[in-house]
Structure formats: structure tokens, C-alpha cells
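The values are calculated or read from the model by the stated rules, or taken from the named source; none is laboratory data. Computed from a predicted model, the values in this text were never measured in an experiment. Glycine also receives a Cβ, built like all others from the backbone with ideal geometry; neighbour counts cover every protein chain displayed.
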Amino acid sequence: MTENRMGTRQVELEVLRYNPETDQEPKFQRFTVPCVNEWCVLDALNYLKDNLDSTLSYRWSCHMQVCGSCGMMINGEPKLACKAMLRDYAGVIRVEPLSHFPIERDLVSVADDFMAKLKRVKPYLIPGEKRTLADGEYKQTPAQLERYKKYAMCINCMLCYAACPEYGLTPKFIGPAAISLAHRYNQDSRDGGRDERQEEIATSEGVWECTFVGACSDVCPKHVDPASALQQVKVASTVDWYLEHFMSWVKK
Amino acid sequence: METIQADVAIIGAGGAGLRAAIALAQADPKLRIALVSKVYPMRSHTCAAEGGAAGVIKADDSMKQHFDDTVGGGDWMCDQDAVEYFIHEAPKELTQLEHWGCPWNREADGSVAVRPFGGMKIQRTWFAADKSGFHILHTLFQTSLQFPNIQRYDEFFATDLLVDDGRCQGFTAIEMRSGQMRCFRAGAVIIAGGGAGRMFPFNTNGAIKTGDGMAMAYRAGVPLKDMEFVQYHPTGLPNTGTLLTEACRGEGGVLLNKDNYRFLQDYGMGPETPVGKPQLKTMELGPRDRVSQSIWHEIQKGRAVKTPWGDCVWLDLRHLGEKKINERLPFVRDICISYLGIDPVKEMVPIRPVVHYMMGGIHTDTRAATTLPGLFAAGECACVSINGANRLGSNSLVEILVFGHRAGLSALEHARSMGPGNDAALTAQADDAQAKIRALFLRKPGKESISGLRKEMTDTMEEGAGIYRTQEGLDKTCDKLSDLRRRYGDVALNDKTNVYNTDLLSALELGSMLDCAEAVAVSGRERKESRGAHQRIDFTARDDDKYLRHSMAYYNGLLPPRIDYRDVVITTSPPGVRDYSGAKK
């Protein structure tokens, strides 16, 4: 255990502030925050709120990278503030709300669009074969679990939307997390709802909007790899299209 | 004030609240269900539970074994009728989640896998790697999206229950986006607001766990039961308090003192078992209260590991190997690397006991009904008494399902039997609630700060109401909390903005925590025995003659709560000796 972890340093935080009741537009405010070396950016914000300016608004809860509340831009990159360790930053740290979302106040983004898109892709099991509780569990082998497990890891932190250039340009794009989630259920051996979901995601607002930049996978704190989900949906829907138009006698 | 009319309104959209909402939606597609939470459902702290959920499913297990483990684990403070209901419903609820898509780990043949857990004599913990709570929460949230009659009110902060004609008929809540007060009117209300671990300085809980639901019911006259029983989880990261799941030990991790000695064998949990071959219900698979208390004793004896974050013991996972750690404990590995810079594949991890869970809460019966007609409660905020004096790991994720479901059905039954309320009386109450918030806005800043009072509260809780307690310490903490509650009346806001005012929410949360903290400390002061998680240095023995009773704390304004008692329900298991000595027989 290295001893300097408990040492302190003064960290310059440049925080975007916006109060919709008084401000015409957002502006940066600079704070000098005494920080312990091993802290993350969220710890620095919490110190700031408790000791320097209690009017700062931001979301946070678990401080363990799983509730998905504290997504924000840190030096221009979408990050969870509880996963952005101060040891990885030198100089001024610039903190802003997530890109591509309207600002509600300070670091709080408006999440309505994301929540609506999640719901749209029917992210729930639509059983292929119905079972009652008395029938017991569906059988699912470890290999079948592995096919979708990665896509079930999404914590809905919205970092991928903040990173996605397409979403920035075309807000109607359903976007990486929601499509990954649809793909998660499509890949689940218990599910039979793929056709219903394809109506939402295999469209111009769905996967065909994606230009495969891959930024979503780069920023994902949970290694969900939305880019691979999108590519798999594209391939699958291409196959669907050919089957439908040229080989309609073949059962999908 | 805008009024929102529902048949049933639910406060809290974590595991218990979502389960209740789904039960209601399935019971009647025409029902109007309002699901109100201060955070988006996915942010609820259910997501942080790691290890798993207990339910009898395997051929070598039985309901009786789960019952005995739970009742003994709870040091006979569990209500046994509630435990019976709980263990019978558990496998159904877990199977239901499986049908909704929960990605439980599997055996090679495709059946659900189970893992060992502390205090359980048989392997019965269903798990999804070490993110079981996360997957349960997201499965419930996503499942809830298919029901159009679940109307969500995300980021609405509930403040006061509306009680008229002797029954609960709604509540007020602040819409955080606008800062406007809303009035929710309903035939029945369910509180599923979670625990209150943030009243302690060192805890595994998310920032949102401030006991708001408990405090709301308490102020409305509903007793808080068994509040003195606060669970310390043995394995928290020493700097951040982050939880390292009990599954670390379930999978074979061991605890060592500074001399690399497996000290648990000195505390009635031996003889030593072979490293990497965990045996159920002994050594590292002892119950949380005993393991945490043993660590405390090792520290007192000077056998702790000195770290920059204070006295610790080691959690050694190295012998599990990288493959097993990645498969079964990937999140634990990530967290250790992120916050401690230690890779458990290669190094031992320093850990110390950390406040984790409130066994106590809003008093309910097995129907999840409180003493106030029309008000129901489920999950950590409630105390239906399946956890007694010490909850067994992996029972709480099932509790939210079983009693969330039950609360939904009970609330529906109640709501259907009720006629309309008295508009004028309820509106007047809602106006009063709004006036209180307005007064807080208008109050001129004085010398009390929210963060200052909060720090004094958490410090005194640790000093006087921590893992080991004395009369003197509890007296001091009770006095301090009285003082803090009085001074809380002078708290003012620096932030006068309506939109997303977290200064206001912090003030309200502090008020909730102070009320709950006083119930903890006063209940603890009055319980002059040691049982489960409540350990008194001045009364070291369990005293069934005097204290085989639930403590019931009644709100008493600015005065400390009045404490009453209620008999524990014993059906088949008379109080006995808790035996975790494994092979020593």
C-alpha cells in the first residue's frame, strides 16, 4: 500500500453552472478543492458541495459504478464521476453535464428522451414458450447465457449517447444503449419477441442511423460493447430483408 | 396544487416498489398505479446488492432448513409466522424473476445454479455473478415497462403522508424538476423507500438511503420496530466503505489477521476448515454479526493490519485463481482495483466491518400492513420481522420480492374497500406540507449548516450506537441527537432555486435521518442485553426473559421516542443456542 494515496492535493475544478431561473446561458465556475490523492471526481464534487457551495446540483448515489447516476463530461469525455480517479488527471479538471442532452440545471441532464427510447424497444422478455410457475424455470445453458449476458450489463448511465456523434446530429436515433438492450432480449434463448422489437430497431431511426464510429463501446463503463450489438442487429435485419424479398418461401 | 389521483400510490421504485407495482398491474389492467421515486428506478440501491437471493429449490434442501437458518441467524427475534410465509414464497418469486428474464447463473444442464452463503446450512443462494441486485432491479424495471397502467413519477420527493378519517389516503411530493409540490391521492399507499444506513459515517449505502420512507411513516404515528438492530457487513473496503460481497467467502475466500491466522476459529466459528474448501455455516461462512464482531475483537487485541485507512484484517481470495474470480466475482475485482489499487487475484485485500443494513423499520404484519389503515410497507424500510436481530445474507433480495408482491395485493384489497376521501381535509393537509417547505425556503441562513449537522450526526452514531455499545455511550448519543434535532429547526437553505434543488433535498433527508437515528439510539439504550447485531459491553448475554420482544419506537415530536414492546411470534422454534462450530461435535 503506497503511502501517498492518503496525501492531499489542491485540485482545480472548472464546473459548468446553469440555473434556468436566472441564467441566460451556462457558464463555467472555478473552484479549488482540497482533495485526497486516492479520491475520484465524485468525491471532489461532494467536498465542494458540502464545504464550498451547497447550491451545486448533480446526481449521484451508489459511489460504486453500478447505479449509473453520475454520468458527466470530464475533460470532454463521458465518464462516471465515481469511476474517474483523480490520479489519472493533472491540471484543471473540467466537469460538464453529458453532451447531447438538454441541461436541467448545473450537471443534471434531462433524461426524458433516453427513458422514452428504452421503453420503445420493448426491453422485457416476450416468452417464446409460455411457462407457469409450477413448470419451474426455463432451462438455459451457460453457453446460452453467455450469448446475451454482456448486453444485460448496461447500467443506463447514458454515457454512450453523450459519446455518439449520430445521436448528437440526429436526436431521433434510438441510440446505443436501447438497441443493445433490445438485442439482449433478442439473443435470450427464452425470448420469442424479436419480430416485435425489429419493428422499432431495424429502421432508419434504429440501427441504420448508426455509422459505426464505435465511440459508444469506447466509453461504456461496463464493457457492454453496444457497437457490436448494433452491428449484429444490422446483419440480422439484412438477412431478414433478403429472406423476405427473395426467398419468401424460406421460413425465417 | 396539482392533484394526482391513483388507486394505489407507491413511494420508492427499487426492488420492493417495482414488485408491488407489477403485482398491481397484473391484478387489474384498469388500476391506476402511481410509482413515485426520488430517483429513476434503475438508480435505486437494490442495484448495489451483489451476492444473491435465497430460495429453496435443490433436492438436498428443505423449507425447514431455510426456516431454521433464518430464525437462528436472527437470534430468535424473527416473527416465525412471517418467516414461514417468506420461505414458502421465496422460490416462487425467484422463479417468477427467471421467467421475466433475470440472467441467473446456471448449471451445465441449464438449471439455476446456487452458491453457499453465510449462516446457511445448505447452498440455496441464486445469483447472477456478483451483480445479483443489479440484475434483479433491471429485470423488474424493464418488466414494468410493459404495463401502461404503471404511471411513473421519477424524481419526485415524497414529503408527508395524508391521513384523514383514520386512514392513509395519499401524500405530498416535490416534483424535483419544477420544485412544485404535488398532491398524490390514493385508496392505499405503499412505502418501499429503502434503509437509512447513511446515518452512519462508514457505510455501504448509496447517498439516497436516508430513511425518508421510515421517517414519513414514523411521523404519521406508525411505530418503527427493532431499530437498534443495525447490520455491519464484515467486508467493506476500508477507505470508501464499498461492499465486497459475502460471496467472496462463499466462493472460498478467507479472513486473516496480521499474523495470517484465520482468527474466526477463536470466536466459536471453528475448527478451521481447509483453505479454498468452504464449509457451510462455520468459519468464513458464519453469520454477518458474528464475523463482524470477531473482527472488532481482533482489532481490540492488537492483531489488526495497520493501513492508511485504519485497522483492518485481510480478505484473501488469491487461491481462487483468476478464472474463478473473473467468472464469479468480477465486480469485486473491478472495485478493489478502482478504489484501492489492489488486484485480489494477486494481493490480499484489507477490509473492515461497515454499516450495511437496517433490520428494523416500519412495523408491518405478514400482509405488509402497518398499524395505519391504508398504509403498507415492504423492503428494507419495513420490519415484517423475517430478519430478527441479524439478517442472513441473500434473504433481503427475496424479502423485497415476497413482501413487495404481498404489499401490492394487500393495498389493492384495501383500496377497493374504501370510498372517496374528504377533499377539504386532505387539501388542507397538503397545503400544510407545502407551507413547511415554503418556510424552509424563507428561513434566513443562520449558523447551522446541513453538512455540519450531518457530520455531527454520523459521528455520534458511530461513537455511541456502533458495533459495540454501552449505556454511557448510548446516553451521550441520545442526548446529542436530541440536541441535533432541536438545532435542525434552524437549518436554512443557501439555494433558493425551484429547479432541481439538491440543497432542499439534503435538508429534508437530514431531517429523515435524524428522526430514524434517534429511534435507533433510544431503542438501543433501552435494550439491556446483547442479541444479534445489538451488542452491549455492559450487558453481554442474551436475556430472553426480558427482551425476547420487539422494541417499538413511537414518534414524540421533538422529544425522544416513546419505546414500547411487542412479543416475538414463536411458532415452532423455541429460542436456542446459535451454533456455528461446524465439525466440532
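Just checking, which of A:185, A:148, A:161, A:138 is hydroxyl-bearing (Ser, Thr, Tyr) and more than 9 Å from chain B (Cβ to nearest Cβ)?
On the way: A:185 fails: more than 9 Å from chain B (Cβ to nearest Cβ); A:148 fails: more than 9 Å from chain B (Cβ to nearest Cβ); A:138 fails: more than 9 Å from chain B (Cβ to nearest Cβ).
Only one candidate passes the filter, namely A:161.
Go through the residues of segment B:73-80 one by one and say whether even a single one is in a helix (DSSP H, G or I), crowded, with 19+ Cβ neighbours inside 10 Å and more than 10 Å from chain A (Cβ to nearest Cβ). Break it down into steps so the answer makes sense when it comes.
Within segment B:73-80, the first condition is being in a helix (DSSP H, G or I), and the residues that meet it are B:73, B:80.
Okay, now just the ones that are also crowded, with 19+ Cβ neighbours inside 10 Å, so B:73, B:80.
Restricting the remaining residues to those that are more than 10 Å from chain A (Cβ to nearest Cβ) gives B:73, B:80.
Yes: segment B:73-80 contains one or more residues that are in a helix (DSSP H, G or I), crowded, with 19+ Cβ neighbours inside 10 Å and more than 10 Å from chain A (Cβ to nearest Cβ).
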Name the single residue, out of those in segment B:329-339 being within 8 Å of another protein chain (Cβ to nearest Cβ) and of a type outside the set (Gly, Ala, Ser), that is nearest to residue B:299 (Cα to Cα). B:339
Quick check on my filter: what residues within segment A:109-165 are in contact with a Ser or Thr (Cβ under 6 Å, 6 or more places away or on another chain) and in a helix (DSSP H, G or I)? A:133, A:144, A:151, A:162
Give segment A:14-65 a look and list any residue that's within 13 Å of chain B (Cβ to nearest Cβ), more than 14 Å from residue A:86 (Cα to Cα) and among the aliphatic types (A, V, I, L, M), or say none. A:48, A:52, A:56, A:64
Selection within segment B:238-258 - assigned to a strand (DSSP E or B) and either within 15 Å of the chain's Cα centre (by Cα) or within 15 Å of residue B:352 (Cβ to Cβ) (or both): B:243, B:255, B:256
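In segment B:259-312, what residues are closer than 24 Å to residue B:202 by Cα, charged (D, E, K, R) and not in a loop (DSSP other than H, G, I, E, B)? Spell out how you get there, then give the answer.
Of all residues in segment B:259-312, those closer than 24 Å to residue B:202 by Cα come to B:263-264, B:284-312.
If we keep only those that are charged (D, E, K, R) too, we end up with B:284, B:288-290, B:298, B:301, B:303, B:306, B:311.
Those that are closer than 24 Å to residue B:202 by Cα, charged (D, E, K, R) and not in a loop (DSSP other than H, G, I, E, B): B:284, B:288, B:289, B:290, B:298, B:306, B:311.
Kindly indicate the residue of segment B:482-531 that is polar (S, T, N, Q) and more than 10 Å from chain A (Cβ to nearest Cβ) and also surrounded by the most Cβ atoms within 10 Å (Cβ to Cβ) among those meeting that condition.
Within segment B:482-531, the first condition is being polar (S, T, N, Q), and the residues that meet it are B:482, B:494, B:497-498, B:501-502, B:506, B:512, B:523, B:530.
Next, only the ones that are more than 10 Å from chain A (Cβ to nearest Cβ) stay: B:482, B:512, B:523, B:530.
Details: B:482: 17, B:512: 23, B:523: 25, B:530: 22.
Looking at residues that are polar (S, T, N, Q) and more than 10 Å from chain A (Cβ to nearest Cβ), I get B:523.
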Those residues of segment B:23-47 which are touching a helix residue (DSSP H, G or I) at 6+ places or on another chain (Cβ under 8 Å) and surrounded by fewer than 24 Cβ atoms within 10 Å (Cβ to Cβ), in sequence order: B:23, B:25, B:27, B:28, B:31, B:40
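Looking at segment B:394-482, what helices (runs of 4 or more DSSP H) fall wholly within it and have at least 1 residues that are among the aromatic types (Phe, Trp, Tyr) and in contact (Cβ under 8 Å) with a residue 24 or more places away in the chain?
On the way: elements: B:396-417, B:423-442, B:450-465.
In segment B:394-482, B:396-417, B:423-442 are the helices (runs of 4 or more DSSP H) which contain 1 or more residues that are among the aromatic types (Phe, Trp, Tyr) and in contact (Cβ under 8 Å) with a residue 24 or more places away in the chain.
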Scan segment B:214-237 for residues that are part of a loop (DSSP other than H, G, I, E, B) and either crowded, with 24+ Cβ neighbours inside 10 Å or of a type in the set (Val, Ile, Thr) (or both) and jot them down. B:222, B:223, B:226, B:227, B:228, B:229, B:237
Odd one out for residue A:95 among (1) more than 9 Å from chain B (Cβ to nearest Cβ); (2) more than 18 Å from residue A:69 (Cα to Cα); (3) of a type in the set (A, V, I, L, M); (4) not in a loop (DSSP other than H, G, I, E, B): (2)
Could you look through segment B:150-173, keep only residues that are within 14 Å of another protein chain (Cβ to nearest Cβ) and touching a helix residue (DSSP H, G or I) at 6+ places or on another chain (Cβ under 8 Å), and pick out the one that is farthest from residue B:28 (Cα to Cα)? B:157
Scan segment A:228-252 and report the pairs whose first residue is within 30 Å of residue A:160 (Cβ to Cβ) and modelled with pLDDT under 80 and whose second residue is surrounded by 11 or more Cβ atoms within 10 Å (Cβ to Cβ) and among the hydrophobic types (A, V, I, L, M, F, W, C), with Cβ atoms within less than 6 Å and a gap of 6+ or a chain change. A:252/A:243
Selection status of residue A:194, closer than 25 Å to residue B:105 by Cα, in contact with a Phe, Trp or Tyr (Cβ under 9 Å, 6 or more places away or on another chain) and either more than 13 Å from chain B (Cβ to nearest Cβ) or not polar (S, T, N, Q) (or both): yes
Find all pairs meeting these conditions: Cβ atoms under 8 angstrom apart; at least six residues apart or on different chains; first residue within segment A:74-101 and over 18 Å from residue B:341 (Cβ atoms) and modelled with pLDDT of 95 or more; second residue among the acidic types (Asp, Glu) and assigned to a helix (DSSP H, G or I). A:101/A:113
Can you confirm whether residue A:156 is within 14 Å of chain B (Cβ to nearest Cβ), over 15 Å from the mean Cα position of the chain (by Cα) and at pLDDT 95 or above? no
When residue B:311 is evaluated against the numbered criteria (1) surrounded by fewer than 16 Cβ atoms within 10 Å (Cβ to Cβ); (2) of a type in the set (Asp, Glu); (3) over 23 Å from residue B:582 (Cβ atoms), which criterion, by number, is the only one it fails? (1)
Tabulated pairs, segment B:121-132, first within 13 Å of residue B:48 (Cα to Cα), second among the β-branched types (Val, Ile, Thr) and surrounded by 24 or more Cβ atoms within 10 Å (Cβ to Cβ), C-beta under 6 angstrom, 6+ apart or interchain: B:130/B:245; B:130/B:332
Members of segment A:180-225 that are in contact (Cβ under 8 Å) with a residue 60 or more places away in the chain and part of a helix (DSSP H, G or I): A:181, A:182, A:184, A:185, A:196, A:197, A:200, A:201, A:219
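Looking at residue A:218, is it out of contact with any His (no Cβ under 7 Å at 6 or more places or on another chain), modelled with pLDDT under 85, surrounded by 11 or more Cβ atoms within 10 Å (Cβ to Cβ) and in the same structural domain as residue A:169 (by TED's automatic domain parsing)? Step through it out loud before you land on a result.
Details: out of contact with any His (no Cβ under 7 Å at 6 or more places or on another chain): yes; modelled with pLDDT under 85: no; surrounded by 11 or more Cβ atoms within 10 Å (Cβ to Cβ): yes; in the same structural domain as residue A:169 (by TED's automatic domain parsing): yes.
Spelling it out, it is not the case that residue A:218 is out of contact with any His (no Cβ under 7 Å at 6 or more places or on another chain), modelled with pLDDT under 85, surrounded by 11 or more Cβ atoms within 10 Å (Cβ to Cβ) and in the same structural domain as residue A:169 (by TED's automatic domain parsing).
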Check segment B:94-103 and report whether any residue there is hydroxyl-bearing (Ser, Thr, Tyr) and more than 10 Å from chain A (Cβ to nearest Cβ). no
